[in-house]
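In what follows, a single structure is set out as structure tokens and then discussed.
The values are calculated or read from the model by the stated rules, or taken from the named source; none is laboratory data. Because the structure is a prediction, the values reported are computed rather than measured. Counting neighbours? That spans all protein chains shown, and the Cβs are built from the backbone with ideal geometry, glycine included. Accessible surface areas use protein heavy atoms only, side chains included; no ligands, DNA or RNA. Shrake-Rupley method; radii C 1.70, N 1.55, O 1.52, S 1.80 Å.
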Amino acid sequence: MNYFNHEFNAMKKKMQSIILYAFFTECVFLFFFAVVGKFDESDSGSLLTRFSGIVSLSGTVTMCVVSVYGAICASKLIVNNYIGFGKNETFLLPINRSSLFYTRLIALSVIITSEEFLGVLIANIVFMTSNMFLKLVVGSLLDYWIACIQTLTIIVSMSLAIVLLSVFIGLQRSSKVATVISSVVFVVLVSNITAILSITTANLMIICAISLLLITGFIGRVFGKRIEKTDAE
Amino acid sequence: MEQLRLQNLKKSINGDLIINIEDIVINEPGIYGIIGPNGAGKTTLLKCICGLLRPDEGEIYIEETPLSPDTRSRILKNIGSVFAQSEFLLNRSASEVLEEHYYYYALTPPQSWDNLLSKVHLQISYKMKLGAMSLGMRQKFLLAVALSHHPKILILDEPFNGLDVDTVESITKTLINFARTNIVIVTSHVFEDLGNMVSSIAVMNKGYIGGFQKPYQINGKFSDGIRKIYNDQIKNLDEPF
């Protein structure tokens with residue numbers, strides 16, 4: 001972990017836009033779903049008249065965007081260093097290979113988590129403040145923030161798990177493209193489940209998301225140990 | 001003290017035996033040239049010495065310490081290297097590469113990189129990306145990076161490929177100066193490049209390596225002497241045992 005600050009700063013320079021992607025996506029879809037819910041009087045629209053529904057759906061869209069964008073960044077900043085000639089350059093550094101790998105994963109995780117968290121949180125503050133005047137959705141403030149915190153926990157955990165799993169697939173396949181494609185596939189697979197479970201059984205979804213993150217961490221540890229014994233190209 | 005020893009070294013890739021070396025020892029400072037045809041195993045050998053590839057059998061000792069995952073990072077601090085494939089670095093600027101190098105080698109970055117770059121007779125903007133540099137500029141720059149942490153062993157894989165005469169001369173001067181107190185191992189398949197600089201030369205073919213021997217002149221040219229050594233050794237290495 002001695003190299004954390006260096007890796008963190010190097011990655012942060014190239015991943016600063018995650019917070020903007022998270023903020024704008026969350027903002028746009030919070031207002032979009034709220035407006036649709038306001039004018040949709042059918043039964044299906046009832047989902048969009050509650051805070052929990054709006055926050056969960058917009059959070060899911062943000063999760064998809066951040067996951068794919070995060071995977072694109074990770075493919076350049078991590079996968080690229082462990083495939084092809086990049087592997088040679090990384091392995092020539094006079095430091096423990098696995099500890100550098102873990103440090104890079106942790107730096108990536110901190111950046112994605114903090115930027116997505118902040119982006120989504122600020123978007124929700126903006127939405128909630130606007131809602132006081134626009135009255136797009138009616139409900140208690142407490143309900144809103146409970147739904148918001150639950151959704152934040154779920155989408156941040158899921159995004160991170162998707163990005164890291166995509167990185168591991170990219171490393172396994174020795175391909176940056178495989179990283180991005182994997183993230184798209186994961187997003188398609190989990191987005192519906194995340195949206196539905198976040199609304200109906202949020203606590204169960206939180207447990208699932210954190211469990212997935214723990215499994216991802218375990219896979220990362222296996223990859224780190226393997227890197228110690230891997231040959232370069 | 002033995003600076004470098006390769007003992008019973010064997011390395012196969014995809015079932016093909018790429019390296020099969022009995023015993024090679026380097027003690028004295030100097031420039032050690034390894035010549036051989038394409039596919040002889042020269043680059044693979046250099047990668048093994050740098051810990052990039054793990055030998056299937058045998059040991060590599062650097063300053064009498066066996067190279068292993070536990071000792072690798074300590075040993076790498078004393079090795080500088082430039083490998084032929086530097087495509088990975090093309091998107092990075094000179095200052096980015098230098099800053100990262102200095103950070104990981106625990107060196108204090110200087111106020112200006114000019115001193116370092118002047119050692120290889122290079123004047124560039126630090127913001128210049130490696131991809132925007134000419135081949136010669138890039139080779140000089142990578143050599144400067146490899147020398148920056150004052151390694152005891154410098155490993156160069158085909159450093160003169162595609163370079164003009166002036167650049168070859170410039171790099172040669174730098175290497176001769178460095179090799180007064182350190183070891184340089186350089187591979188090539190061009191005799192003329194190594195002719196005026198190597199203190200010892202060995203031929204490598206099909207994974208086998210002949211012993212290092214001092215080059216001599218024929219018709220006043222070291223390159224012709226090296227050609228003779230090559231022709232003599234390559235026959236034995238075709239069917240060594």
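Values as computed for the structure displayed
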| quantity | calculated |
| --- | --- |
| Verdict on A:L48 being farther than 30 Å from B:C50 by Cα and open to solvent by 30 Å² or more (accessible area, probe 1.4 Å) | no |
| Tally, over the range A:58-67, of residues that are over 15 Å from A:L121 (Cα atoms) and surrounded by 22 or more Cβ atoms within 10 Å (Cβ to Cβ) | 2 |
| Test: residue in the range B:138-159 that is open to solvent by 50 Å² or more (accessible area, probe 1.4 Å) and acidic (D, E) | no |
| Helices (runs of 4 or more DSSP H) completely within the range B:149-241 that count 2 or more residues being over 29 Å from B:R138 (Cα atoms) | B:222-238 |
| Number of the exception - A:L20 against (1) in contact (Cβ under 8 Å) with a residue 40 or more places away in the chain; (2) within 25 Å of A:G217 (Cβ to Cβ) | (2) |
| When residues of the range B:72-83 are limited to those that are assigned to a loop (DSSP other than H, G, I, E, B) and out of contact with any helix residue (DSSP H, G or I) (no Cβ under 7 Å at 6 or more places or on another chain), the one nearest to A:F91 (Cα to Cα) | B:K77 |
| Selection count where residues are under 14 Å from A:L164 (Cβ atoms) and either facing chain B (nearest Cβ under 9 Å) or open to solvent by less than 20 Å² (accessible area, probe 1.4 Å) (or both), scope the range A:88-102 | 1 |
| Subset tally (residues that are facing chain A (nearest Cβ under 10 Å), buried (at least 16 other Cβ atoms within 10 Å of the Cβ) and touching a residue at least 40 places away in the same chain (Cβ under 8 Å)) for the range B:85-120 | 5 |
| Boolean, B:S112 is of a type in the set (G, A, S), assigned to a helix (DSSP H, G or I) and at pLDDT below 95 | no |
| Matching residues in the range A:1-16 - criterion: being without any contact (Cβ under 8 Å) to a residue 12 or more places away in the chain and under 19 Å from A:F117 (Cα atoms) | A:N9, A:K13 |
| Residue satisfying all of: in the range B:160-209; charged (D, E, K, R) and farther than 15 Å from B:N38 by Cα; surrounded by the most Cβ atoms within 10 Å (Cβ to Cβ) among these | B:D193 |
| Members of the range A:195-219 found to be of a type in the set (S, T, Y) and surrounded by fewer than 17 Cβ atoms within 10 Å (Cβ to Cβ), listed by number | A:T200, A:T201, A:S211 |
| Scan of the range B:121-137 for residues that are touching a residue at least 40 places away in the same chain (Cβ under 8 Å) and either part of a helix (DSSP H, G or I) or buried (at least 20 other Cβ atoms within 10 Å of the Cβ) (or both), ordered by number | B:L130, B:G131 |
| Residues that are within 14 Å of chain A (Cβ to nearest Cβ) and crowded, with 24+ Cβ neighbours inside 10 Å, drawn from the range B:34-45 | B:L45 |
| Candidates A:F117, A:F85, A:F127 - the one that is within 30 Å of A:G53 (Cα to Cα), surrounded by fewer than 19 Cβ atoms within 10 Å (Cβ to Cβ) and either in contact (Cβ under 8 Å) with a residue 12 or more places away in the chain or of a type outside the set (G, A, S) (or both) | A:F117 |
| Selection within the range B:74-84 - open to solvent by less than 20 Å² (accessible area, probe 1.4 Å) and more than 9 Å from chain A (Cβ to nearest Cβ) | B:G80, B:V82 |
| Failed item in (1) touching a Lys or Arg at 6+ places or on another chain (Cβ under 6 Å); (2) modelled with pLDDT under 90; (3) open to solvent by 10 Å² or more (accessible area, probe 1.4 Å), with B:G15 passing the rest | (1) |
